[in-house]
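Written out below as structure tokens is the structure these notes cover.
Derivation of every value follows stated rules applied to the coordinates shown; laboratory data play no part. No experiment lies behind these values; they were computed from the predicted model shown. All Cβ positions, glycine included, derive from the backbone under ideal geometry; neighbour counts span all protein chains shown.
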Amino acid sequence: MRSTAAAGSALLMTLPIAAQYPGQVKPNQQTMRAIAVLEWSGDEEHPKASRLVPVALYDGDHLEDAGIYLARPAPLALSTEVEYELKDNGKTTGLFVVSTAGQEQGSWVGFGAWKPLPKPKAAAAPKIDNGKDEWGNDADNKPVLHRKHHDDKDASSDKSSSDDTNSNAPVDPDRPTLHKKTSSNDSDSASSSTPTDPDRPTLHKKTSDKSSDDDSASNGASNGSGQVDPDRPKLKKKADKPSQAGRPMDDEGHVESVNTLSDPDRPKLSRGKPAEQGGKVLPTLMGLPADMHQVVAVSDAKNRPEHVWSYSWANPADEGNMKAAMEDLARGALGIIQPAPLEAPKAKTPNMRTTSTARRKVAAPAAPPVPVPLLDEQFRVFELAYGSGATMVLSARTNGEGAKQKFVTLICQPNIYGKVTVVFKSVTDAAHLDDTPRMRLVDAVDVMADNRGELLFELRGATQRQFALYRVLRGQATRLFATGPGSIVQGADDDTAVPHS
């Protein structure tokens with residue numbers, strides 16, 4: 001009995017250990033993908049200043065705040081030499097390489113250099129196979145013998161010489177023979193053939209007698225009669241002064257070789273224009289200037305195909321009708337009162353003397369009122385997934401100061417009847433931006449690399465700002481992620497979200 005109980009207790013002890021092993025463990029294949037916003041002022045081709053604001057980082061499972069993720073001290077998304085692709089409606093327009101990072105108003109931003117897209121290599125022209133080799137012969141496996149090409153003159157001389165040597169005719173002893181010119185001295189041949197004139201002057205080469213020159217220089221030049229002038233001044237070389245340890249005296253200047261110095265931090269001077277160290281870093285963009293532009297930047301460890309978010313209307317007139325309908329909804333949200341239509345002038349009461357033709361005249365209809373214009377209006381249409389419908393975003397504002405200046409942002413989709421349906425609405429004024437920020441659309445971006453686009457908004461308050469990602473699915477707009485503290489975003493979602501109707 002004891003042995004049976006001991007065996008049962010041992011089996012019970014092993015059961016929890018076996019239950020903890022789930023089977024074969026596979027590592028999680030994570031995909032690092034960073035989303036940022038590049039901001040610059042001035043012209044796009046020649047920006048005055050720029051900065052890269054990190055937004056989100058997708059590690060394969062969760063979305064993390066790219067501004068603080070693995071900050072040591074700069075975050076991982078702003079590491080040196082990290083390359084971002086600049087996206088415009090899903091299409092890559094350029095590159096941005098991070099060179100350095102710093103903090104602005106408590107947030108990390110990156111600085112670097114713009115780079116154009118690398119040009120694709122031109123395809124090599126196909127080689128035409130005409131069955132000929134490089135010498136113009138048929139390209140087969142048979143060996144081909146080629147004659148050595150010569151000039152016409154050499155060929156004729158070779159031919160004549162070969163004919164003379166190979167002919168079987170008897171040799172003529174009286175035939176003159178041509179001989180090549182021997183390399184003999186012309187002067188010797190001329191002297192042997194021409195008689196020597198004893199009165200002819202003879203030219204002699206100047207002998208380089210160094211000792212005679214030195215003697216003449218040291219003893220003085222001779223006069224016309226060959227005698228040395230003792231009163232002629234003499235030039236003497238400067239005698240070398242004694243040196244100490246191989247160096248001149250202290251009263252003489254000397255230069256030491258720079259290459260012999262062992263200081264590695266000694267600055268080195270070089271001629272010419274100095275080479276640029278790394279890419280060009282643009283100045284810091286401070287604050288939120290009026291001419292600031294924004295574009296989405298994506299950095300991915302893998303090369304992925306482009307996904308353009310443009311939507312193609314079946315009827316081109318539908319886009320104008322949808323925009324007009326959303327503008328009416330925006331005016332209603334902003335409290336803009338449309339002017340009443342002008343009344344048509346009343347027709348005069350006909351008397352008995354008027355003819356029947358005059359009685360048939362009807363007053364002309366009144367002209368429709370001119371709609372109140374919306375300031376800073378922005379209208380975009382996206383296809384956020386393959387085969388999905390249109391997703392429209394409209395933002396605008398009114399003129400004024402304080403509570404009189406209002407801002408509106410609408411996210412709408414057409415229903416099955418072709419009418420505009422509001423899936424998200426945000427309305428605020430300049431006096432309450434810290435409670436409900438102004439929503440500014442940046443662009444659509446694929447955050448999770450799943451071929452589905454999210455809408456990236458900038459939430460700008462009076463003293464702070466954030467970035468938020470919204471996913472539009474099944475007639476609803478859901479916030480997926482927001483940077484920084486969530487108080488400003490929570491207020492926007494709680495107050496302005498509109499349920500699907």
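Descriptive notes on the structure:
- When you count the other C-beta atoms within 10 angstrom of each residue and take the mean per peptide, 442-453, 297-308 line up highest first as 442-453, 297-308.
- Flagged links, alpha-carbon separation over 20 Å, of 48/406; 48/115; 323/419; 91/119; 87/302: 48/406
- Of the GluC sites (Glu not before Pro) found in region 367-473, the ones in coil according to DSSP and having at most 16 other Cβ atoms within 10 Å of their Cβ are 401.
- Of the peptides 107-114, 312-319, the ranking by mean beta-carbon count within 10 Å, highest at the top, reads 107-114, 312-319.
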